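See below for the structure under consideration.
The values are calculated or read from the model by the stated rules, or taken from the named source; none is laboratory data. All of these numbers come straight from a predicted model, not from anything done at the bench. Counting neighbours? That spans all protein chains shown, and the Cβs are built from the backbone with ideal geometry, glycine included.
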Amino acid sequence: MESKASAPGKAILFGEHAVVFGQPALAFAVDKRAYVSLKKSSGKKSTIKSTDLNFEASFDLSRGIDILKNQKKGIVNYILGALSLGHDGSPLEIELSMEMPVGAGMGSSAAVTVATLAAAYNLHHKNIDISNLAKKAHEVELMVQGAASPLDTAVSTNGGLVYLDENSEISSHQAYLDNSLILGYTSYRGNTGEMVDSVRKRRERFPQIMDPVIESVGNITRQALKLLSQDNLDKEYLGELMNINQGLLDSMGVNTPELSRMIFNARKYGALGSKITGAGGGGSIIAFCPGKLEEVLHILQKTDSAINADFSKEGVLIHHK
Ligand code: MEV
């Protein structure tokens, strides 16, 4: 028997870092997905293959990773974590296919975790509702990486636009952002833990300066949510909110010359707004480019990688043959 599921990656529109200090955050599912298929195996060990990521490994699920023929251990840990909650340990043939880059701040680990859990529950004919699936996936993230906000796993499970409020409650929202978003990513990934820690230290050194910065980011996120819920989106206003948010992220110390180059190039070639998305210190930017998608993609791809990441309503999906 084979079971296949997929889940989308995410991008944070507003509120990264401020969310760590109790402010809200707003993120959306992108139309790039992780697909995980699980097949019961007659062999002694489980195997995992990913043509997209160019890796292959075999391991014993009850004992952890045995043989791993390359460097993609990170993502395998999320698969093993998810299987430890959703599978009985018997050997599997696992196939992973990825439409998004790994380690670029697009929530690839959350997407893989959610897809693996959904495929495992489906393999065992167990029903699990969306909110429990999101909780389990967050548990896996905590298990594997130590600290994580529930935002990524909630977006990968629910799809669409997700708001994490001041009490860490998740709600889903509508947005009318048709085909206007670009994600640009540097080859270097910032370390999320280190970036969060450096913002915390800056806040401790300059509380009277950094507290209002963090609050301002929260206010931007709240305003953005209101704006996005309106039928007739004021695009310039949204772009300006992104640019102000970027200035505040810069003041938190998470910008880099590479991210800045992409951010300003995007604006120069027509983006109404552009900012870091995720932890910064490397990683990705997001640009809002209604009517200027090709121009902005072209300029970003000259020096870095960039993709058109459209908004996706679809969250986790089971793929029946
Ligand atoms: C990282 O994608 C977003 C941060 O706000 C950290 C977090 O929310 O856990 C920087």
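Table for the structure above
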item	result
Count - residues of segment 179-206 that are surrounded by 13 or more Cβ atoms within 10 Å (Cβ to Cβ) and of a type in the set (Lys, Arg)	4
Residue match in segment 299-310 (condition: of a type in the set (Gly, Ala, Ser), out of contact with any Pro (no Cβ under 8 Å at 6 or more places or on another chain) and either modelled with pLDDT under 95 or crowded, with 19+ Cβ neighbours inside 10 Å (or both))	yes
Residue check for Gly253: out of contact with any Leu (no Cβ under 7 Å at 6 or more places or on another chain) and at positive phi	yes
Members of segment 14-53 found to be within 12 Å of the ligand (Cβ to nearest atom) and of a type outside the set (Gly, Ala, Ser), listed by number	Phe14, Glu16, His17, Val19, Val20, Phe21, Gln23, Pro24, Leu26
For Leu238: the one exception among (1) closer than 18 Å to Ser180 by Cβ; (2) without any contact (Cβ under 8 Å) to a residue 40 or more places away in the chain	(2)
Every residue from segment 274-287 that is surrounded by fewer than 24 Cβ atoms within 10 Å (Cβ to Cβ) and over 21 Å from Asp197 (Cβ atoms)	none
Residues located in segment 165-186, provided they are of a type outside the set (Asp, Glu), more than 14 Å from the chain's Cα centre (by Cα) and within 16 Å of the ligand (Cβ to nearest atom)	Asn167, Ser168, Ile170, Thr186
Selection status of Gln223, exposed (fewer than 13 other Cβ atoms within 10 Å of the Cβ) and touching a helix residue (DSSP H, G or I) at 6+ places or on another chain (Cβ under 7 Å)	no
Listing of strands (runs of 3 or more DSSP E) fully contained in segment 1-95 that carry 2 or more residues being buried (at least 17 other Cβ atoms within 10 Å of the Cβ) and modelled with pLDDT of 95 or more	2-14, 25-40
Pairs where the first residue, in segment 294-314, is under 10 Å from Gly184 (Cα atoms) and the second is among the small types (Gly, Ala, Ser) and surrounded by fewer than 15 Cβ atoms within 10 Å (Cβ to Cβ), C-beta under 9 Å, 6+ apart	Asp304/Ser187; Ser305/Ser187
Unique match (being closer than 14 Å to Gly81 by Cβ, assigned to a helix (DSSP H, G or I), of a type in the set (A, V, I, L, M) and without any contact (Cβ under 8 Å) to a residue 60 or more places away in the chain) among Ala148, Ala137, Ala115	Ala137
Within segment 12-49, considering residues that are out of contact with any strand residue (DSSP E or B) (no Cβ under 9 Å at 6 or more places or on another chain) and of a type in the set (Gly, Ala, Ser), the one farthest from Ala279 (Cα to Cα)	Ser42
Residue in segment 283-293 that is at pLDDT below 95 and within 16 Å of the ligand (Cβ to nearest atom) present	yes
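Let's see how each residue does on (1) of a type outside the set (Val, Ile, Thr); (2) more than 20 Å from Thr303 (Cα to Cα); (3) within 12 Å of the ligand (Cβ to nearest atom); (4) at pLDDT below 95:
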residue: Asn191; (1), (2), (3), (4): yes, yes, yes, yes
residue: Ile209; (1), (2), (3), (4): no, yes, no, no
residue: Thr221; (1), (2), (3), (4): no, yes, yes, no
residue: Gln246; (1), (2), (3), (4): yes, yes, no, no
residue: Ser260; (1), (2), (3), (4): yes, no, no, no
